[in-house]
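Okay, structure first, notes after.
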Amino acid sequence: MKLHELRPAKGATHKEKRIGRGEASGKGGTSTKGNKGGQSRAGYKSKMGFEGGQMPIQRRIPKRGFKNINRVEFKVINLGQIDHYAEKYSITEFNHENLYINGLISRNDNIKILGVGELKGKFVFKVNAVSANAKTAIEAAGGSVEIVK
């Protein structure tokens, strides 16, 4: 086999549909676009969500619920996870920078410590929020909590 003998596999290529090349081609006249209307003309662009005049899905489906634009999302860390993270990543101070470097949070996440589980070690926390149970547990273990904005 030589380079000039290479051909695509049988059925892999198709003839291009040449529209608007006379009535004899079978694709002349209206060039396969039907008669009149926006879709037959140049520059036609359908509106997003348009379903041919049928009521669009975003109008058919009822609206439910409420999205509070002032909601503050927190990345939650429970006291039961603290010892595991401290051992795995050798962290003694839980602040935004240490948690971000170790891939536990994203750059813009807010951190909140919750009091689920037990805390065995003594740690320093510089976080955005902490629950009352977590704060008492941390201080009872000899650690400290600082709220940063």
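Where a number appears in this text, it was derived from the coordinates with a stated rule and is not lab data. Everything numeric in this text was worked out from a predicted model, so none of it was measured. No Cβ is skipped: glycine too gets one built from the backbone with ideal geometry, and neighbour counts run over all protein chains shown.
Odds and ends about this structure:
- Lys45 under 30 Å from Asp109 (Cα atoms), within 38 Å of the chain's Cα centre (by Cα) and either charged (D, E, K, R) or assigned to a helix (DSSP H, G or I) (or both): no
- The listed residue being in a loop (DSSP other than H, G, I, E, B) and over 28 Å from the mean Cα position of the chain (by Cα), out of Pro62, Pro8: Pro8
- Criterion (on the phi < 0 side of the Ramachandran plot and surrounded by 10 or more Cβ atoms within 10 Å (Cβ to Cβ)) met by exactly one of Lys47, Lys63, Lys33: Lys33
- Only listed residue being under 29 Å from the mean Cα position of the chain (by Cα), closer than 30 Å to Gly49 by Cα and not basic (Lys, Arg), chosen from Asn95, Asn68: Asn68
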